[in-house]
Every structure is written in structure tokens, then in C-alpha cells.
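So the structure is just underneath, and the comments pick up after that.
No value in this document is a laboratory result; all are computed from the given coordinates. All values reported here derive from a predicted model rather than from experimental measurement. Cβ sites come from the backbone with ideal geometry, for glycine too, and all protein chains shown count toward neighbours.
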Amino acid sequence: MKNLILAASLLANTITTAQTARTIEPADSKLLWTASKITGDHTGRVPVKGGSITVGNKTLEAAEVMIDMSGITCIDIENEGANAKLVGHLKSPDFFDVEQHPTATFKTTKVEAIADAVPGKPNYRVTGDLTIKGITQPNSFDCLFWVEGDKARAAAMLSFDRTQYDIKYRSGSFFPEIGDKAIADLVELTFDVTAR
């Protein structure tokens, strides 16, 4: 019995030590946002601030990503004045209120391998907590994860309902009378994060 307990303890220690938390490289990581309205959509970037990806034997075990909301940009409006106006509005209390909430985060709570995943397609189902403006909501999405040399990379697209984070500006769900001036509640985030 003692030998069995010792073996189980050694196995648990081996599993624990096999997992390593790799530091996310902001310069090698990308995050794009897309928001739509009846008359079109806008796309921009948000800097990845830091975080970590925990890797097992070339497997995804956990992750935590910090996002610098104060660095949000728009990349589809060429007019500098119009661009600055939109970005300023996104940073305001109508949207992300970056002065009070400069950082958003995502932290996994569950990571499941997708059975029979096709190479090049998502191979993990990720569930976690997305925190924006100090409000935390659960979020799940499929993720492509791989290890190449000393780099661990994760790429995916997730969407969130902005109204769940107290961002109700021109939401048709709350202000149906605004008609074609409504901005969609769902925002898409596409990311490719690298950790070493």
C-alpha cells in the first residue's frame, strides 16, 4: 500500500513538474477587434500587455492574458480626424472607460482537448473568465494551440456581448428607437498569442 501511495505521489509530481508557465511576448502577439453596425463595421487593434500560457507535454493546460485597453486603435478609417474621434469615443465611459479600467483580462477555468481535431484547425475548447471594465463574465471558444521550438502559440476568435460589460451605447437591445444608428451588441476578438 505504501508503495502504491509513493508511486501515485511520484506520478503527481511528475505531471506537475512537466507543466511550465511560459511568458507571453507582447511584441509577438496580436489582437484584433471587430464591431459592426447596420451601415458597416470597424476593425482595430488592442495591445497584448502580458500574461502566461501553461504548457504540458506540448499540450495547452491553462492561460492568462492581459490586454492594454488604453492602447486600442482603429485601422480601417484613413481620415486622421475621424479615426481619432472614434478611438477617443471607444476610450470614453460610453464604451471601455480606459481611464478607470485600463486593463482587460482573460483567464482560463477549463481547457479540453477536441477529440479527432484536424491539423490546422482548433484543437482545444477553452472556457474562462473575461473581465472588461471590472466586470467578469464566462466565455467559451475553440482554440488552435501548437508548440514550435521554444514558442507556444494560441490563436482563436471569440465574441462577447458588450452590454454584459455595461457598454450599452447605441445598443438596439436597450434603445430600439434608434433604428439604423444601432451598434451590434456582439464584438469579435481575433488573437494570435505567442509565449516563451
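Here's the list of lysines a cross-link from LYS107 could span, going by alpha-carbon distance under 26 Å and ignoring same-chain residues fewer than 8 apart: LYS30, LYS49, LYS58, LYS91, LYS121, LYS133, LYS151, LYS168. Applying the Karplus relation 6.51 cos²θ - 1.76 cosθ + 1.60 with θ = phi - 60° to region 144-149 yields 3J(HN,Hα) values of 9, 10, 7, 10, 10, x Hz, where x marks Gly and Pro. Taking amide hydrogens as placed 1.01 Å from N in the peptide plane, the amide H of GLY51 sits under 5 Å from those of ILE24, MET66, each at least 5 positions away in sequence or on another chain. Across region 103-109, rounded Karplus estimates of 3J(HN,Hα) from the backbone phi angles (6.51 cos²θ - 1.76 cosθ + 1.60, θ = phi - 60°) give 10, 10, 9, 10, 10, 5, 10 Hz, Gly and Pro being marked x. In the chain, taking the dipole from charged Cβ atoms about the Cα centre, the farthest positive-side position among ALA82, ILE38, ASN123 is held by ASN123. Where does helix 80-91 land angle-wise versus the long Cα axis of the chain, in degrees 0 to 90, nearest 10? It is inclined by approximately 60 degrees. Under the simplified labelling scheme, the ALA115-ASN79 pair shows an inter-label distance of 5.5 nm, with each label point 7 Å from Cα along Cα→Cβ. Which option, [x] 14.4; [y] 12.5; [z] 10.6, is the value of mean projected area of the Cα convex hull in nm² that was calculated from these coordinates? Here the calculated entry is [x]. Annotation: amide H-H contacts under 5 Å for ALA63 (H modelled 1.01 Å from N, sequence separation of 5 or more, or interchain): THR54, THR108. Springs join every pair of Cα atoms under 10 Å in this Gaussian network model of the chain, and among SER29, SER159, SER173 the largest mean-square fluctuation is at SER173. The H on the amide N of TYR124, modeled in the peptide plane, is under 5 Å from the matching H of ILE114, CYS143, PHE145, each at least 5 residues off or on a different chain.
Which of the listed residues, ILE183, ASN139, TYR169, is farthest toward the dipole's positive end in region 120-196, when Lys, Arg count +1 and Asp, Glu count -1 at the beta-carbon? With unit charges placed on the Cβ atoms, the residue in question is ASN139. Dividing the summed helix terms, -39500 (n - 2.57) for each DSSP H run of n ≥ 4, by the number of residues in the chain produces a 222 nm estimate of -5000 deg cm²/dmol to the nearest 500. For the residues ILE132, ILE38, ILE53, a GNM of the chain with alpha-carbon springs under 10 Å puts the largest fluctuation on ILE38. A simple rule links phi to the HN-Hα coupling: the Karplus curve 6.51 cos²θ - 1.76 cosθ + 1.60 with θ = phi - 60°, which for region 44-55 gives x, 10, 9, x, 7, 8, x, x, 8, 10, 8, 10 Hz, with x for Gly and Pro.
With r as the distance between the Cβ atoms of GLN164 and THR59 and R0 = 30 Å, compute the FRET efficiency 1/(1 + (r/R0)^6) and round to 0.05.
0.45
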